[in-house]
Amino acid sequence: MDRRSFLIRTGVIAGAVGGGWWLKDHVLWRAPGVAFAADGRTPWMPYVSRVLSPTVSLRLAGRDVTALVDSGAQYSVIDKTFHEAIAADLGPRPLFDIPLVAYGVGGQPQMGQGVRLDVAMEGLSLTGLRCAILDLGPLADERGLSAPLILGQDVLKLMQLELDLNDRRLRLHAAGQVAPAGQWTRLPVRRRGTSLVAPVQVEGHPLEAVVDTGATSILSLSGKAAEDAGLRDGRTVTAGDSLVLGGSVRADVVQVDHLAAAGQTFTNVPVPIYGAVGLPGVPTALLGMQAFRDQGLLVDVGGGALYRTAQLDLTVVQ
């Protein structure tokens, strides 16, 4: 099985990829230094991975590194094994101990230290980027995305992320640089903490889902959210896997007759259900990139806004 089929088989990437949520105390997670090129944006950059979740190549410690741009992760992360491999190239760089516990949607906790990194891509450099050092498991190697670095909400709130999901490319703009007009349609979202959440209707049941560039499915639900939406009603359940923080967990997949999200109506949708975690801050629903396929998307975490390119046909049949 190749990497792409492994990732898309159930249409879900979860955990640190989409919905990595955190509990931390007594630490000020300082913003990195951000320096754009003179025009305040990067050029268009192709996704490194073939999936719909945005991945970008950047420079770290003299190496080309793949990073996942993840609006579902509260903080940036570097894989522990990868960090050990490049530690000598980073030079003297003290770690900082942080009283932090990280949870993916699978519920597995990890304790972490942190490190400050300087990374760069064409048109943009980040200095003093604080990253938690955690085991990303298959997310970081050839079994998954081969992305040992995750850029989370701590980075995205400082800029605007533009995605072209049709051509699988992205670019970043300085905060406030893009004032969407013309082809852009604003979608109904609100800020909850540092996340963007959007209203969703699942077979008529209303709920809110975190807008998650790290998840590929149209929608993923927690066990309780699925039960509340009436999806545990005896309908057929198939087994799948979700990549999560440090590994993978089993996910149930059910077929949903219709759901409404992001200004569109979807029918006959496979919806993965991840196990009940029961931890504060863990999202009950993730709205992934399949909900925006073949569109342009502007994610403005700092401004609490989400825009997509206008469409004429707003009904999508799976």
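A 1.4 Å probe, protein heavy atoms only, puts the accessible area of PHE82 near 40 Å². A simple spin-label model places the labels of ASP228 and HIS258 2.3 nm from each other, with each point 7 Å out along Cα-to-Cβ. For ALA88 and ARG293, the FRET efficiency from 1/(1 + (r/R0)^6), where r spans their Cβ atoms and R0 equals 51 Å, is about 0.75. Take the Cα of ARG50, step 7 Å toward its Cβ, do the same at GLU122, and the gap between the two points is 2.3 nm. State whether region 104-216 is rounded, prolate or oblate according to the following rule on the C-alpha gyration tensor (a ≥ b ≥ c being the square roots of its eigenvalues): a/c under 1.5 gives rounded; otherwise a/b larger than b/c gives prolate, and the remaining case gives oblate. Oblate shape, in that a/c is at least 1.5 and b/c is the bigger or equal ratio. Here the alpha carbons of region 170-266 define both size measures, Rg and Dmax, at 16.1, 49 Å.
May I ask you to give the percent of accessible area on region 167-268 that is carbon plus sulfur, with a probe radius of 1.4 Å? Roughly 47 percent of what the probe reaches on region 167-268 is carbon or sulfur.
The values are calculated or read from the model by the stated rules, or taken from the named source; none is laboratory data. If you're wondering where the values come from, they're calculated on a predicted model, not measured in any experiment. Every residue, glycine among them, receives a Cβ derived from its backbone with ideal geometry; neighbour counts consider all protein chains shown. The area values use the complete protein model at the heavy-atom level, side chains included, leaving out ligands, DNA and RNA. Shrake-Rupley method; radii C 1.70, N 1.55, O 1.52, S 1.80 Å.
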